[in-house]
Amino acid sequence: MRPYELTVIFQTEEELYRQAKEIVSATLKQQGGEIVKEEELGERPLAYEIKGKKRGRYVLFVANMAPDKLLAVEKVLKLEQTILKYLFVRAED
């Protein structure tokens, strides 16, 4: 298990945000990940429009997972319409 940071930009609508955040948490856990930290970074303007949106809600997830499970998580994130962008980064040990 390695530590990873996952930053996700969600749509700003409250109901869509809650649903998508729950999907991300459930997907990480379903793929054997352990969420160490979940930090809401707030709503911010985007540098450029993404899917017609000018603002997004940022959330940082820190999770321990097996490297071979990242592709399965990314498949779910790519298909989720309420997620504007995401970025996986391997965290420092």
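Since every read-out is calculated from the coordinates, none of them should be taken as a lab result. In this text the structure is predicted, and so the values were computed from the model without any measurement. In this analysis, Cβ positions are derived from the backbone assuming ideal geometry, glycine residues included, and neighbour counts consider all displayed protein chains.
Odds and ends about this structure:
- To the nearest ten degrees, helix 70-79 and the longest principal axis of the Cα atoms of the chain are 20 degrees apart.
- Helix 14-30 and the longest principal axis of the Cα set of the chain meet at an angle near 10°.
- Long-range lysine pairs (8 or more apart or interchain), the chain, Cα under 24 Å: 29
- Exposed GluC sites (Glu not before Pro) absent - longest run of the chain, DSSP non-H/G/I/E/B, at most 14 other C-beta within 10 Å: 14-91
- Taking each DSSP H run with n ≥ 4 as -39500 (n - 2.57) and averaging over every residue of the chain yields -9500 deg cm²/dmol at 222 nm.
- Residues Asp68 and Ile35, FRET efficiency given R0 of 25 Å [Cβ-Cβ distance, rounded to 0.05]: 0.85
- Cβ-based net charge around Lys51, under 15 Å, with every Lys or Arg adding one and every Asp or Glu removing one: +3
- Most fluctuating residue given options Ala20, Ala66, Ala47, as computed from a GNM of the chain linking Cα atoms under 10 Å: Ala47
- A simple spin-label model places pseudo-atoms 7 Å from Cα toward Cβ; at Leu46 and Thr82 they are separated by 1.6 nm.
- Segment 3-93: trypsin sites (Lys or Arg not before Pro) falling in loop per DSSP and having at most 16 other Cβ within 10 Å: Lys51
- Residues of segment 1-31 with amide N under 20 Å of a point placed 7 Å along Cα→Cβ from Lys54: 9-14
- The three principal axes of the Cα atoms in the chain give end-to-end lengths of 36, 24, 19 Å, sorted in falling order.
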